[in-house]
Amino acid sequence: MVGDQGRPVPEKVVMIRYGELFLKSDPVKYHFIGILLRNIRQALGAAGHSCRFESPRGRIFIYGEKPDEIAGIVSRVFGVVGVSVCTRVAADPDALRDAAVLLAAEHLHPPCRFAVRGKRQSKTGMNSQQLGEYVGSAIYDAIPGLSVDLSHPEYELFVEVRDCGGLVYDSRIPGPGGLPWGSQGKVLCLLSSGIDSPVASWLAMKRGCEVSHLHMDGGRWAGGDVKTTAIENLRRLSLWCPGSEMQMIVADTEPFYDRMQELRIPPRLRCVLCKRFMLRAAGRLCGREDAQAILTGENIGQVASQTLANLAVISDATTVPVLRPLITYDKEETITLARKIGTFMDKPGDLACRAVPRMPATAATQDAVKESEEKLAIDELLDEVLARVQYVTAQNGKIT
Ligand code: ATP
Ligand code: MG
């Protein structure tokens, strides 16, 4: 590339590091890298970037206009551990030195403690330490007033010699890590208007699962903002699988609460019965949705229905595996993660459940629960509810 004054402009490339995929055998690794590449292409395509890709050993390189924007998008793709915008030059110490001096002159202002980290993929020529020293002393000479500090630098610059060329960069944007989205099959997440279940959904996506959602709409039994907030959760989650559709089934569960009231089911059992109904519905829909597990935001001891005794009774409502990624999280930890991933809402609105009794059972028994479910004719009720479900779809942060 040639700049305005006829001088060559250094080529910029976005370098992607992926972590855990290294642990896989070669065929599995290449399969996963293929999915990761597809997801990266899709994310960039959804944002209107057209790019060129290279995937030499252990890295992915992306060439395109606006590399900083590309790096920002890719740093949200699951499976990506880190992203750097690099200057790409020949795999030669002098070319690396010149590019490093140029980059340092832009970002490194004296007095400043700096370090250069060298890295070589091949074993010929200078070793990594010598390369770092060679480039570091050139920067030291070119910019007066700097000092070298290898232990606690204020500014770090990296020079790498790889089989595919030389790279110079000074920032590493962390990615979410995990496994490429869609590499682990599908789960059905019970998504509420709360803080926990969107975080559970995100964590499953991070482990490579495609996630479909089910929201149980309690109608007049639910706070006025519950359904719209659950849809807002879906919208925000869809930003994490750009270019792909994300679905939510909405089931009208007002009849379930009505019937509990009509038949005078002991109010203390309501929460456990409600969660069992949700799992039954999810279990049935897993077949339709081709999902292999149910996902919830449940957590030990957070509310009365989440004692270990109740969780056991609740789990018994389905034979489909129930995944609870937040089971041991403190609420604060969940909130921190919700803020980080963008699902936390500062002004949540009316999300109260009108069916919650004053004294919910903390240890409901199987016998009591089954007796109530027989009275409720739970299977017929479920057929009724599932016959009338609706679908909401989100893509790229928009409800479509
Ligand atoms: P969250 O746990 O998501 O913050 P919450 O606190 O309102 O929501 P809990 O009583 O803690 O609800 O429910 C435990 C789990 O049950 C939720 O994490 C979610 O997976 C599921 N769940 C609760 N309410 C609904 C709902 N209306 N529709 C679908 N799933 C729900
Ligand atoms: Mg909760």
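The values are calculated or read from the model by the stated rules, or taken from the named source; none is laboratory data. A quick note: this is a predicted structure, and the numbers were derived from the prediction, not measured. Don't worry about glycine lacking a Cβ; one is built from the backbone with ideal geometry, like all the others, and counts go over all protein chains shown.
Just to be sure I understand, how many residues within the range 229-276 are free of Cβ contacts under 8 Å to residues at least 40 places away in the same chain and surrounded by fewer than 17 Cβ atoms within 10 Å (Cβ to Cβ)?
Adding up the residues that qualify gives 5.
For the range 75-92, which positions are in contact with a helix residue (DSSP H, G or I) (Cβ under 6 Å, 6 or more places away or on another chain) and outside any strand (DSSP E or B)?
Val77, Phe78, Gly79, listed by residue number.
For the condition surrounded by 13 or more Cβ atoms within 10 Å (Cβ to Cβ) and not in a loop (DSSP other than H, G, I, E, B), what is the one hit in Leu326, Leu382?
When all the criteria are applied, what remains is Leu382.
Residue-wise test of (1) within 16 Å of ligand 2 (Cβ to nearest atom); (2) of a type outside the set (Gly, Ala, Ser); (3) in the same structural domain as Gln390 (by TED's automatic domain parsing).
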site	(1), (2), (3)
Leu167	no, yes, no
Ser201	yes, no, yes
Asp217	no, yes, yes
Lys227	no, yes, yes
Ala230	yes, no, yes
Leu237	no, yes, yes
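Being among the β-branched types (Val, Ile, Thr), within 26 Å of Gly397 (Cβ to Cβ) and outside any loop (DSSP other than H, G, I, E, B) narrows it down to one of Ile70, Ile33, so name that one.
Exactly one of Ile70, Ile33 is among the β-branched types (Val, Ile, Thr), within 26 Å of Gly397 (Cβ to Cβ) and outside any loop (DSSP other than H, G, I, E, B), namely Ile70.
Taking into account only those residues within the range 292-312 that are more than 14 Å from ligand 1 (Cβ to nearest atom) and of a type in the set (A, V, I, L, M, F, W, C), which is nearest to Thr253 (Cα to Cα)?
Out of the qualifying residues, it is Ala312.
Of everything in the range 362-379, what is at pLDDT below 95, over 27 Å from His213 (Cβ atoms) and surrounded by 15 or more Cβ atoms within 10 Å (Cβ to Cβ)? Give them in sequence order.
Thr362
Considering only residues that are assigned to a helix (DSSP H, G or I) and touching a Leu at 6+ places or on another chain (Cβ under 9 Å), look in the range 257-266 and name the one that is farthest from ligand 1 (Cβ to nearest atom).
Within the range 257-266, the match that is farthest from ligand 1 (Cβ to nearest atom) is Arg259.
In the range 313-345, which residue that is of a type in the set (Gly, Ala, Ser) and under 25 Å from the mean Cα position of the chain (by Cα) is farthest from ligand 1 (Cβ to nearest atom)?
Gly342
Answer with yes or no whether Gly194 is part of a loop (DSSP other than H, G, I, E, B), within 16 Å of ligand 2 (Cβ to nearest atom) and not basic (Lys, Arg).
For Gly194, the condition - part of a loop (DSSP other than H, G, I, E, B), within 16 Å of ligand 2 (Cβ to nearest atom) and not basic (Lys, Arg) - is met.
Find all pairs meeting these conditions: Cβ atoms under 7 angstrom apart; at least six residues apart or on different chains; first residue within the range 136-152 and surrounded by 14 or more Cβ atoms within 10 Å (Cβ to Cβ); second residue part of a helix (DSSP H, G or I) and hydroxyl-bearing (Ser, Thr, Tyr).
What qualifies is Leu146/Tyr140; Val148/Tyr140.
Condition (residue is part of a strand (DSSP E or B), surrounded by 14 or more Cβ atoms within 10 Å (Cβ to Cβ), touching a strand residue (DSSP E or B) at 6+ places or on another chain (Cβ under 9 Å) and modelled with pLDDT under 95) applied to the range 120-129: is it met by at least one residue?
yes
Please work out if Leu269 is in contact with a helix residue (DSSP H, G or I) (Cβ under 6 Å, 6 or more places away or on another chain), part of a helix (DSSP H, G or I) and away from ligand 2 (no atom under 16 Å from the Cβ).
yes
Give me a count of the residues in the range 12-65 that are loosely packed, with under 15 Cβ neighbours inside 10 Å and of a type in the set (Val, Ile, Thr).
Qualifying residue count for the region: 1.
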